[in-house]
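Here, each number is a calculation from the coordinates, and none is a lab measurement. This one's a predicted model, so the numbers in the text were calculated from it and none came from an experiment. All Cβ positions, glycine included, derive from the backbone under ideal geometry; neighbour counts span all protein chains shown.
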Amino acid sequence: MAELELYGNANEPPFPCEALAISLSWVPEYIAQLTPRRGRNLYQARLYDTLINIILVFARARTSALFANREINVARSFVRRLNSLLVSLPNASHHTLEIVERSHATFFIVCKNSPRFIWKYPLSHREVGLNLDFAAAGHFGFKTKAISARIFEITGGNHISIFNQAVYLDYADMPKVRKFCERQTALFNSTMVRLKLPYRFSLHWWNSKDTSEEVARVMANDQPPSTEWWEANYLFIKELPHDAAFCKKDSPFQEYWRVLRLLYEFILSLHPSLNFPIPVEYSEELEALFRAVEQSMQSGMPSAALYTLVEQRVSEIEIDHDALRRKGENEIAAIRRSDLSCFIKWQFERMMVRRKRSQLQYSVIERWPAEGDQKWNPIWRDSFPSKKGLWRIFLNERCR
């Protein structure tokens, strides 16, 4: 549990991972059925991120997680199923989940008895970061020299970001930040092992300019990099905004370096067409090629044969980005709540329960820019739908 492993708080009741493991055997199929195109569809990748994070909060490996309202209906259904498992066990109802709306476009998932979650309204950027277990709470955006700590779920053929925070180097004690993030990643992995679920995680550090330049320099070299470099950067050689991948940490990259460079160069050739808005769903044909390359490397296909196959396939692939954008226009828009509604709900919570709860405070670092104290008021890009989207929201609300 995060309370003990990250914050040293031994006062919370232990979470019954082993007792619940058998009862959670339905979860992988449930998630797979909801997100079959998560490797090439941005909204399904976001939903996958939501469901994985709900499991982590459910098992108390995270204090809370924050999502866009697009996923709120699926989240409610998933939370109900998970809570029903907890109330069926003796002395486990303490850990039941709650959905908390704190802005017009987002919601938190949190344990209803969390001693650390900040229940107030409105929240500052730093308070949001504390709720989300950020090592650098109060650091957001990239207005100064910064890097981001990213935790990816790496099971299967996709690398989906499930945790991402900015760290301002001028305000951070990086050894402490790195150690905290490493413990966090280890906790996520051990939690899934204890729950007997297949999901696994990997921590990577990204600097938007330096990392891209470093990857480009290495990929231009005929000689493969060191194993250390590969393990730190293999996720970043696929510079596309979608999550399907053609290599893994354990891919035999040295043997297939020519193949990897060929795919990297092909991806770069797609960039001029990837103007905003980014297509919601990407090419199924390209995803199939990625899968074939990854599987061929794992099966030991001769490098020269795979190179020839990939060279032929990339010459045949034609991607119509405009058609993909039009296809994405039919996606259901996000549900946008009113700030007044969120405020009224918070006032009701405050009168009924929240004022009785103490909030434990812990921060890995004690310095943050002044922007961290500003009021948090998120504006999501997909929070302002078209007329068609508004009509769908109306119908969705009527059916809730």
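Sorted largest first, the principal axis extents computed over the alpha-carbon atoms of the chain equal 68, 49, 47 Å.
Computed from Cα atoms, the angle from the helix 210-219 axis to the main principal axis of the chain rounds to 30 degrees.
Between segment 166-187 and segment 93-161, what's the alpha-carbon centroid distance in Å? So the separation of the two Cα centres works out to 15 Å. Tell me the relative contact order for segment 209-328 as a rounded percent, counting alpha carbon contacts under 8 Å between residues six or more apart. Relative contact order of segment 209-328: 30 percent. Kindly identify segment 88-146 as rounded, prolate or oblate by the Cα gyration tensor criterion: order the square roots of the eigenvalues as a ≥ b ≥ c, call it rounded if a/c is under 1.5, otherwise compare a/b with b/c, prolate if a/b is larger, else oblate. Prolate, because a/c is 1.5 or more and a/b exceeds b/c. Cβ-to-Cβ counts within 10 Å put 94, 321 in ascending order as 94, 321, the fewest first.
Pairs exceeding 32 Å between alpha-carbon atoms, taken from 248/375; 209/249; 145/179; 112/249; 179/209; 112/238: 248/375; 112/249; 112/238. Ordering 253, 163 from the fewest to the most neighbouring beta carbons within 10 Å gives 253, 163.
Helix 339-352 and the longest principal axis of the Cα set of the chain meet at an angle near 50°. Mind telling me which of 232, 68, 149 comes out most flexible in a GNM of the chain, alpha-carbon contacts under 10 Å? Among 232, 68, 149, the largest mean-square fluctuation in the Gaussian network model of the chain belongs to 232. Using C-alpha pairs under 8 Å with a sequence gap of at least 6, the mean separation divided by the residue count of the chain gives a relative contact order of 22 percent. All alpha carbon pair distances within segment 1-46 were sorted into 10 Å bins beginning at 0; the resulting P(r) in whole percents reads 22, 26, 29, 23, 1.
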